[in-house]
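Please read the structure below before turning to the comments.
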Amino acid sequence: MKKRQIVPLIVCGSLYAAGVAAEQEQNKDETEEMPEMVVEGTRLDDIAGKEVKSADLADALSKKVSSVSLVRRSGIANDIILRGQKKDNINILIDGGKIYGACPNRMDPPTSHILTNNIEAVEITEGPYDVENFGTLSGAVKITTREPEEGLQGEVSLNVGSWNYRKGAATLSGGTDRVRAMASISTEISDQYEDGDGNDFAEQIENYDPASKGRYQQRYRDREAYEKSTFMGKLYVDVTENQELKFSYTANRSDDVLYPSSPMDALYDDSDIFDVEYVISGLGDWSRELSFHYYSSQVGHPMSTHYRLSSGPNSMNEKIHHLETEMQGAKIKNSWDLRDGTAMTLGLDFSRRNWDGVFHGKGMASVIDGFISIDDVDTDNAAVFLEVEKNIANLNLKLGARYDDTSIEPAGNMQPSNDYSFFSAYAFGTYGLQQGMKLFGGIGRSARVPDARELYLWMPMMGGMMIGNPDLDQVTNTEIDLGLELHSGNLYLKPKVFYSWLGDFIIYNNSKMMKRFDNVDATIYGFSIDGSYNFTDQLYLDFGLAYQRGEKDKAQPGQTDTDLPEIPPLKGSLSLNWNYMEDSLARAEVVASDSWTRYDADNGEQELDSWAVLNLKVEHALTKHINLVLGVDNVFDETYAVSNTYKDLTLLDAGGGDVILMNEPGRYFYLNAAYKF
């Protein structure tokens with residue numbers, strides 16, 4: 001067996017020099033399990049083949065990438081924090097298109113609308129080094145889905161796990177050199193998971209507050225945690241030798257998703273994602289590649305008290321908060337090469353997001369029926385961007401610039417519109433010191449505008465309470481990154497440090513009755529270390545460590561705490577991998593976190609204990625066509641929590657400042673069997 005190598009990508013896919021490119025081509029087929037390192041971040045390949053435990057992409061990313069932390073919301077549909085940033089502060093892209101969740105309580109984050117079995121790769125870019133896409137403040141998660149291939153290929157897989165988890169998926173792909181198509185379907189269902197103490201969702205709430213009206217009604221205490229079905233279809237047509245047309249459609253249907261730490265559950269989460277791209281290559285000296293890209297996504301999310309005691313006998317006083325969001329975007333991009341080897345990309349980017357929310361009520365709750373929470377808000381953006389890349393001896397230099405003009409318009413005359421403009425720019429360089437060693441660093445500045453929730457959200461308490469703040473400014477990030485990539489013999493190592501100055505950062509103020517979002521100046525800084533070591537051709541170690549610290553320049557009005565919320569503590573992972581035969585791997589992984597001792601107590605966060613869990617996994621090629629995956633997570637059945645209780649989310653509250661803390665799953669067994677042809 002060939003020695004396993006880790007092949008670092010160049011800055012956003014560029015080439016440092018012809019020698020490096022040749023080395024990459026030679027070693028391309030030798031790259032295995034370890035995440036591929038991008039200079040700004042990390043790339044995970046073959047997500048569909050390796051991350052078979054469940055559909056939850058957030059869970060997979062939090063285990064594989066040290067700088068990513070999980071925000072636990074349910075048994076599925078969880079959120080992520082990247083380098084201490086969350087929500088719109090990081091950009092989630094699916095095949096270059098954007099999708100937003102409809103829920104203001106983050107029950108349906110963007111990562112929940114695409115499943116692991118449909119994902120080919122995920123590239124995580126850390127920092128403001130992306131000018132092609134609207135709103136990349138502090139990082140981007142770029143998801144690439146599977147593509148159709150020539151010939152005829154297919155896969156059928158079955159997955160079972162603890163707490164009665166069942167999943168079935170099938171993919172069929174094929175075509176000619178001119179026309180290729182693919183279809184993928186999946187369905188999965190699970191009971192409520194149990195934490196390390198053996199408590200399911202209902203019992204976690206009861207242990208937190210035996211008198212809580214957020215408890216599940218007796219007839220619903222044992223109901224399933226969620227049911228999820230998906231479809232993805234693609235059609236690629238080579239119109240001519242240098243022109244390609246791509247169509248894609250993805251449907252996600254999630255039903256009755258329980259969110260035990262919140263006072264409501266989702267009756268359903270439905271999303272539809274459309275994507276069309278037309279690419280023309282080789283038009284002449286001034287167009288190496290010209291592309292036209294259009295995407296559209298729609299999300300529907302009604303959350304309800306239906307299953308809770310708060311809805312009264314037979315749910316006669318049920319409250320429903322029904323939200324919908326739609327995102328449409330178009331991008332025109334042209335790339336060409338100058339005679340001195342400089343690569344240029346110029347593009348136009350347009351998008352519109354619409355967001356609506358309304359409350360419905362039955363019985364005693366009928367007083368809120370028809371109450372509008374988000375009033376048909378349109379966020380329109382138009383931008384022009386330019387990227388320049390050049391190799392100068394051992395130096396690769398990349399420059400980017402973008403100008404955005406954004407308007408945010410709510411319906412009616414009750415709330416003001418907002419207009420924002422911003423010029424973003426960055427410079428990023430990589431210098432080859434010697435064979436296998438590179439220094440890299442960059443400086444960049446970017447921005448993101450407030451969303452409709454932060455600006456205009458109304459809640460029906462006391463006849464109507466304005467939570468949003470229409471006077472918010474846009475957030476800016478000025479950041480410096482420095483790092484080293486070392487590939488020496490059996491060792492691969494990549495340490496990085498960063499420092500981020502956040503201007504007008506948007507955070508929640510729990511001390512206010514109205515307009516609970518503030519602009520504050522803040523800083524986030526930290527480091528990460530990722531790497532791998534080959535003991536033998538078959539035995540290797542990979543590891544990751546990340547730390548970040550966040551501070552407000554001064555406390556928010558009415559408060560004294562200067563700790564930024566949602567800044568996870570030191571987190572690390574260490575994995576021992578054994579390729580005991582070709583295409584078969586055994587893996588023992590420890591993921592651990594320090595205690596959460598720096599937190600924003602004024603806004604509901606609390607101290608969390610440190611934790612460490614052991615996960616075991618075996619991928620075995622039974623035959624050329626049949627592959628088995630057997631795993632157990634949290635081998636020692638530890639009880640622990642990874643998500644803090646920042647009151648930006650609406651969580652169950654027992655009064656006196658106590659907020660429910662949701663524990664992670666206990667010991668979890670899973671088995672996947674896949675047949676490929």
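The values are calculated or read from the model by the stated rules, or taken from the named source; none is laboratory data. Everything quoted here is computed from the prediction, not taken from an experiment. Ideal geometry is used to build each Cβ from the backbone, glycine not excepted, and the neighbour counts take in all protein chains shown.
Does ILE506 satisfy the condition of being assigned to a strand (DSSP E or B) and in contact with a helix residue (DSSP H, G or I) (Cβ under 9 Å, 6 or more places away or on another chain)?
On the way: assigned to a strand (DSSP E or B): yes; in contact with a helix residue (DSSP H, G or I) (Cβ under 9 Å, 6 or more places away or on another chain): yes.
In short, yes.
How many of the residues in the stretch 408-458 are surrounded by fewer than 16 Cβ atoms within 10 Å (Cβ to Cβ), hydrophobic (A, V, I, L, M, F, W, C) and over 30 Å from VAL388 (Cα atoms)?
So the answer is 2.
Of the residues THR125, THR111, THR145, only one is touching a strand residue (DSSP E or B) at 6+ places or on another chain (Cβ under 9 Å) and without any contact (Cβ under 8 Å) to a residue 60 or more places away in the chain; which? Steps first, answer last, please.
Numbers: THR125 fails: without any contact (Cβ under 8 Å) to a residue 60 or more places away in the chain; THR145 fails: without any contact (Cβ under 8 Å) to a residue 60 or more places away in the chain.
When all the criteria are applied, what remains is THR111.
Considering only residues that are surrounded by fewer than 20 Cβ atoms within 10 Å (Cβ to Cβ), in contact with a Gly (Cβ under 9 Å, 6 or more places away or on another chain) and of a type outside the set (S, T, N, Q), which ones fall in the stretch 319-334?
Listed by number, the residues that qualify are HIS322, GLU324, ILE332, LYS333.
Identify, from the list PRO302, PRO313, the residue that is farther than 30 Å from ASN242 by Cβ, surrounded by 20 or more Cβ atoms within 10 Å (Cβ to Cβ) and out of contact with any helix residue (DSSP H, G or I) (no Cβ under 6 Å at 6 or more places or on another chain).
PRO302
Just to be sure before I move on: is GLY329 at pLDDT 95 or above, within 22 Å of ASP272 (Cα to Cα), assigned to a strand (DSSP E or B) and of a type in the set (Gly, Ala, Ser) in the structure I sent?
yes
Identify all residues within the stretch 152-208 that are among the β-branched types (Val, Ile, Thr), farther than 30 Å from ASP653 by Cα and surrounded by fewer than 20 Cβ atoms within 10 Å (Cβ to Cβ); write none if there are none.
As a first pass, look at the stretch 152-208 and keep what is among the β-branched types (Val, Ile, Thr): 156, 160, 171, 176, 179, 185, 187, 189, 205.
Checking which are farther than 30 Å from ASP653 by Cα leaves us with 156, 160, 171, 176, 179, 185, 187.
Scanning the stretch 152-208 gives VAL156, VAL160, THR176, VAL179, ILE185, THR187.
Could you grab me the full set of residues in the stretch 134-179 that are basic (Lys, Arg) and in a strand (DSSP E or B)? Working first, answer last.
To start, the set of residues in the stretch 134-179 that are basic (Lys, Arg) comprises 142, 146, 166-167, 178.
Correct list: LYS142, ARG166, LYS167.
Provide a single number: the residues in the stretch 221-253 that are buried (at least 18 other Cβ atoms within 10 Å of the Cβ), closer than 26 Å to LEU267 by Cβ and either over 30 Å from the mean Cα position of the chain (by Cα) or among the polar types (S, T, N, Q) (or both).
Adding up the residues that qualify gives 3.
Any residue at all in the stretch 347-359 that is basic (Lys, Arg) and either surrounded by fewer than 19 Cβ atoms within 10 Å (Cβ to Cβ) or in a loop (DSSP other than H, G, I, E, B) (or both)?
Initially, the stretch 347-359 is screened for residues basic (Lys, Arg), giving 352-353.
Then keep just the ones that are either surrounded by fewer than 19 Cβ atoms within 10 Å (Cβ to Cβ) or in a loop (DSSP other than H, G, I, E, B) (or both); that gives 352.
Yes: one or more hits.
Restrict the check to the stretch 513-533 and report whether at least one residue is closer than 14 Å to ASN603 by Cα, outside any strand (DSSP E or B) and modelled with pLDDT under 95.
yes
Taking strands (runs of 3 or more DSSP E) that do not extend beyond the stretch 386-498, which have at least 1 residues that are of a type in the set (Val, Ile, Thr) and under 28 Å from VAL520 (Cα atoms)?
Values: elements: 395-409, 418-434, 437-448, 475-488.
Once the strands (runs of 3 or more DSSP E) in the stretch 386-498 are filtered for at least 1 residues that are of a type in the set (Val, Ile, Thr) and under 28 Å from VAL520 (Cα atoms), what remains is 395-409, 437-448, 475-488.
Could you please find all residues in the stretch 140-194 being under 26 Å from the mean Cα position of the chain (by Cα) and on the phi > 0 side of the Ramachandran plot?
Residue satisfying the conditions is TRP163 alone.
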